[in-house]
């Protein structure tokens, strides 16, 4: 997989050489992000809206609700009504998305305890081989290892062929028996987020909606024990990473899902990420938990599944979101500030409905690349 167009730097400065939660001493030097090239000074006029988001609406039983019209929904941008310029709905029966929604399954061999690797692999097999290997959506599988990602080259509807390719990947890597071995928490977190960023960057070049289903508990949350642990330079780089990852995931139309086995740690700590789901407005508020897997899932309109040992069933529940959704376009307000965070809410007056969608975006003034234009 090609490198992302921006550099991911998540080094931390540990003040006073004290032993921190990272298990390291001294100071690490954070690499500098590449400067984004300037875009033309004039914001392009896009009739159906410069910002587009996907939304899944379900009833109390979790079934998709597909009879809503534009007037049934209200879009709030930083608490103010935003005009919906385009409105499309795909019900998965009469109207199917084109290209078909792709399912990306990431088997996380970096953060999974070794004892759970076989369970997750069995669940992946069970999903791919169910119904004789006839998959409902095109599927690609990525193995996250200590060497980066090993990936199946093309998505396929043939689960038997996908499973065979995964077996071939496993036969050529030496990391399958080394899950979590030799890794500090910070290193695992850095590697995981970097690869998530590269997946998003590459998928943003491809049209269509994608469901990225992360098989494993995700990387360490790394809650900051003290404000002094971050230098201003490091916080600036955290913020730049948060902005770019948010943008890449939205532009790639990726909804992130977290699927994991039952682990004592994941059960007792699985909701800790919720304290960090609100968007980060500036570098002073940026920290490692803002990049947690659960945070990315909530912010992209995906879902964090309750840990369980029926991995195939959990994957199937996530994939059920694939074809029944709304696509909405709108224009962001004019801003004079780079990387200005906008909170998004999509609400309906109908009782008993749940709306999952992108919860925010970063806008840019004219002349700055990578904005919502």
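The values are calculated or read from the model by the stated rules, or taken from the named source; none is laboratory data. Just so it is clear, the model here is predicted, and its values are computed rather than measured. Don't worry about glycine lacking a Cβ; one is built from the backbone with ideal geometry, like all the others, and counts go over all protein chains shown.
For this structure, a couple of remarks:
- Output for segment 55-94, where each listed residue is over 26 Å from the mean Cα position of the chain (by Cα) and under 11 Å from residue 326 (Cα atoms): 67, 68, 69, 70
- Any hit, segment 324-338, residues being modelled with pLDDT of 95 or more, part of a helix (DSSP H, G or I) and within 22 Å of residue 76 (Cα to Cα): no
- Of all residues in segment 274-289, exactly one satisfies the criterion of being surrounded by 22 or more Cβ atoms within 10 Å (Cβ to Cβ) and outside any loop (DSSP other than H, G, I, E, B), namely 288.
- A search for C-beta distances below 6 Å between a residue of segment 315-343 that is outside the structural domain of residue 354 (by TED's automatic domain parsing) and in contact (Cβ under 8 Å) with a residue 60 or more places away in the chain and any residue that is assigned to a helix (DSSP H, G or I) and crowded, with 21+ Cβ neighbours inside 10 Å, counting only pairs 6+ apart in sequence or on different chains, returns 315/127.
- Checking each residue in segment 134-151 for being in contact with a strand residue (DSSP E or B) (Cβ under 6 Å, 6 or more places away or on another chain) and farther than 13 Å from residue 199 by Cβ picks out 135, 137, 138, 139.
- Residues of segment 290-319 that turn out to be in contact with a strand residue (DSSP E or B) (Cβ under 8 Å, 6 or more places away or on another chain) and assigned to a loop (DSSP other than H, G, I, E, B), as a count: 4
For every residue, the table says whether it meets (1) at pLDDT 90 or above; (2) buried (at least 22 other Cβ atoms within 10 Å of the Cβ); (3) in a helix (DSSP H, G or I).
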site	(1), (2), (3)
106	yes, yes, no
121	yes, no, yes
142	yes, yes, no
149	no, no, no
170	no, no, yes
174	no, no, no
178	no, no, no
183	no, no, no
206	yes, no, no
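- Hey, residue 346 closer than 27 Å to residue 86 by Cβ, modelled with pLDDT of 95 or more and in the same structural domain as residue 250 (by TED's automatic domain parsing) or not: no
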